[in-house]
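Q: Before we start, here is the structure in question, set down as structure tokens.
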Amino acid sequence: MPNIPLRSGGPKARIAVIPGDGIGKEVTPVAVQLIKAAIAKRSRPIEFVDFDWGADKYLREKISLPEGAVEMLRDEFDAILFGALGDPRVPTNQHAADILLGLRFKLDLYVNARPTELLHERFTPLKNRTRDDLNLMVFRENTEGLYVGVGGFFKKGTTDEIAVQEDVNSHKGVDRIIRHAFNYARTHTRTPEGILPSSTAIPGATLRLCMSDKSNAMTFAHDLWQRVFKSVRAEYPDIDSRHLYIDTLAMELIRDPSQFDVIVTNNLFGDIISDLAAQLAGGLGLAPSGNIHPGHTSLFEPVHGSAPNIAGKGIANPFGSVLASSMLLEFLGWQQESAHLKQSVKSALEANITTPDLGGSKPTHEVSTWLLNHLSKTPL
């Protein structure tokens, strides 16, 4: 993820903070605290601005995404730190769709970046796998496919009902996500500390890339993916690239995850395969993500939901939000601070300072305090 010039035009990075609902309101403040601690030693200039967009505001004011919000975020902020959305008091989750999907589409955040890294061997359900075996990036096309809402009903509510959902794929959309994945593979390398940016392309050290579709069944939409992939890969002869059907990819990911570095696929398949990969590394509680438009305001969030069943109990797992914050710092170009933040999570897992969902007994505030102490004591 390349660093960006500050969108705000000022001396500080401006970060919009949207905690949302449920445990999002518990883990996001932890992430903000830890970002501040991670950047304190270099006095990085940063400003956080909180927004109360979520179920409470929606129920109170019938407003999900306020008028002018997208333009404000686009023009005045460098990045967005997002919590989670979803509340049983809004059974349709309309506010969640309006806010999260609205920001993805209206800010044109076409890259959904989902890193999967086994931070400790005890968290994988796979036998005899080490950290070296599971360290990859899934790039999911984030603005097209089956998620655009094109379709409708005919004779809804009757036994003759027909429901149609259109899979929308444009040449522009497919080209830019595949090209982004190839650029990432060329400019990053695998290290003992994870996949990291490389200042120069080193022959033989670039990452392997796999494009996945279902072109043997979806003969129109994914024929486009095949043709664009063939065209783009010709521009990157230094990258070891191949194609797998999505069902084969799912099987191979479980059989031998070590064969994958970079995976690029469409919106629906990326949603599914990245969750599968996350489960192999310990579950969604350890899964961060970035919704990115390179060079523009982008959004970073943990993958887990709002978890209303545990909200308010003080046992929410903050690691996903902290790891998403590490991605945010990398996006800003603050590589050392990003690595510092991720290392604090690794150290907590090694020390078994975890919440109950990861087999530990610590409440959220104790995990947060431990991480803060670790950051303050550990040099950059």
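Q: I'd like the carbon and sulfur percentage of the solvent accessible area for the range 103-223, probe radius 1.4 Å, heavy atoms only, ligands and nucleic acids excluded.
A: Taking all protein chains in place, the range 103-223 shows 54 percent carbon and sulfur surface.
Q: What net charge do the residues around LYS36 carry, taking every other residue with its C-beta under 13 Å from that of LYS36, with Lys and Arg at +1 and Asp and Glu at -1? Walk me through the intermediate numbers first.
A: On the way: positive: LYS12, LYS41, ARG42, ARG44; negative: GLU47, GLU337.
After counting each charged neighbour, the total is +2.
Q: Calculated FRET efficiency, GLN165 and MET72, Cβ-Cβ r, R0 25 Å, to nearest 0.05?
A: Details: r = 32 Å, r/R0 = 1.29.
The pair GLN165/MET72 has a calculated efficiency of 0.20.
Q: Another one. How are the alpha carbon pair distances in the chain distributed across 10 Å bins from zero to the largest one, expressed in percent?
A: 5, 23, 33, 27, 10, 2, 0
Q: I need the calculated FRET efficiency for the pair ALA40 and ARG208, taking r as the beta carbon distance and R₀ as 41 Å, to the nearest 0.05.
A: For ALA40 and ARG208, the calculated efficiency is 0.65.
Q: With the full set of protein chains in place, find how many percent of the accessible area of the range 21-100 is carbon and sulfur; take the probe as 1.4 Å.
A: 49 percent
Q: A follow-up question, please. Pick from ASN352, ASN216, ASN169 the residue whose mean-square fluctuation is largest in a GNM of the chain, springs joining Cα atoms under 10 Å.
A: The residue with the greatest mean-square fluctuation here is ASN216.
Q: Can you list which of the trypsin sites (Lys or Arg not before Pro) found in the range 129-165 are DSSP loop residues with at most 14 other C-beta atoms within 10 Å?
A: Loop-located and lightly packed - LYS155, LYS156.
Q: Got a sec to turn the phi values of the range 153-170 into Karplus ³J(HN,Hα) couplings, 6.51 cos²θ - 1.76 cosθ + 1.60 with θ = phi - 60°, whole Hz, x for Gly and Pro?
A: Working through the residues one at a time gives 10, 10, 6, 4, x, 10, 6, 9, 4, 10, 10, 10, 10, 8, 9, 9, 9, 9 Hz.
Q: Shifting gears a bit: How far is it, in nm, from the label point at THR248 to the one at LYS127 when both lie 7 Å from their Cα along the line to the Cβ?
A: Going by the 7 Å Cα→Cβ label model, 2.7 nm.
Q: Right, something else. When we measure straight from the Cα of LYS377, which lysines land under 28 angstrom away, once same-chain ones fewer than 8 places off are left out?
A: Cα-Cα hits under 28 Å: LYS12, LYS25, LYS36, LYS41, LYS342, LYS346, LYS362.
Q: Can you give me the P(r) profile for the range 19-146? Cα pairs, bins 5 angstrom wide beginning at 0, each as a whole percent.
A: That works out to 2, 8, 14, 15, 17, 17, 13, 8, 4, 1, 0, in percent per bin.
Q: Considering only the other residues whose Cβ falls under 14 Å of the Cβ of TRP334, what net charge follows from Lys and Arg at +1 and Asp and Glu at -1?
A: Here the charged neighbours net out to +3.
Q: When the chain is modelled as a GNM with alpha-carbon springs shorter than 10 Å, which of GLU117, GLU76, GLU193 fluctuates the most?
A: Judging by the Gaussian network model, the answer is GLU193.
Q: Determine Rg/Rh for the range 117-250; Rg is computed over alpha-carbon atoms and Rh is the Kirkwood hydrodynamic estimate from the same atoms.
A: Reported Rg/Rh, Kirkwood definition of Rh: 1.08.
Q: Calculated from DSSP H runs of 4 or more alone, at -39500 (n - 2.57) each and per residue, what is the 222 nm mean residue ellipticity of the chain, nearest 500?
A: Value at 222 nm, helices only, nearest 500: -11000 deg cm²/dmol.
Q: Kindly report the accessible area of the range 6-154 per residue (heavy atoms of protein chains, probe 1.4 Å, no ligands, DNA or RNA), in Å².
A: 43 Å²
Q: Kirkwood Rh over Cα pairs of the range 186-275 into Stokes-Einstein at 10 °C, 1.306 mPa s: D in µm²/s?
A: Once the numbers are plugged in, D ends up at 112 µm²/s.
Q: Right, something else. May I ask you to give the solvent-accessible area per residue for the range 219-351, in square angstrom, as obtained with a 1.4 angstrom probe?
A: 34 Å²
Q: Give me the dipole magnitude in Debye, nearest 20, for the chain about the Cα centre, with unit charges on the beta carbon: positive for Lys and Arg, negative for Asp and Glu.
A: The dipole of the chain has a size of about 700 debye.
Q: Sticking with this structure for a sec: Could you tell me the calculated FRET efficiency between GLU47 and GLU366, based on Cβ-Cβ distance and R0 = 30 angstrom, to the nearest 0.05?
A: Taking R0 as 30 Å, the efficiency between GLU47 and GLU366 is 0.60.
Q: Just the number: Rg to Rh for the range 278-380, Cα atoms, Kirkwood Rh, two decimals.
A: That ratio equals 0.97.
Q: For the charge dipole of the chain, defined by +1 on Lys and Arg C-beta atoms and -1 on Asp and Glu C-beta atoms about the Cα centroid, which residue among ASN169, THR378, TYR58 has the Cα displaced farthest towards the positive pole?
A: THR378
Q: Where is the GNM fluctuation largest for the chain (alpha-carbon springs, 10 angstrom cutoff): THR206, THR265, THR219?
A: THR219
Q: On to the next question. Rounded to the nearest 5, what is the percent of antiparallel bridges among the DSSP beta bridges in the chain?
A: Around 50 percent of the beta bridges assigned by DSSP in the chain are antiparallel ones.
Q: Rounded, prolate or oblate for the range 205-249? Axes are the square roots of the Cα gyration tensor eigenvalues, ordered a ≥ b ≥ c, and the cut-off for rounded is a/c under 1.5.
A: Oblate is the answer for the range 205-249, as a/c is 1.5 or above yet b/c matches or exceeds a/b.
Q: Now for a different question. Expressed as a rounded percentage, what relative contact order does the range 1-105 have, with Cα pairs under 8 Å and six or more residues apart?
A: It comes to 41 percent, rounded to a whole number.
The values are calculated or read from the model by the stated rules, or taken from the named source; none is laboratory data. If you're wondering where the values come from, they're calculated on a predicted model, not measured in any experiment. Note: ideal-geometry Cβ built from the backbone for every residue, glycine included; neighbour counts use all protein chains shown. Heavy atoms of the whole protein, side chains included, go into the accessibility calculation; ligands, DNA and RNA do not. Shrake-Rupley method; radii C 1.70, N 1.55, O 1.52, S 1.80 Å.
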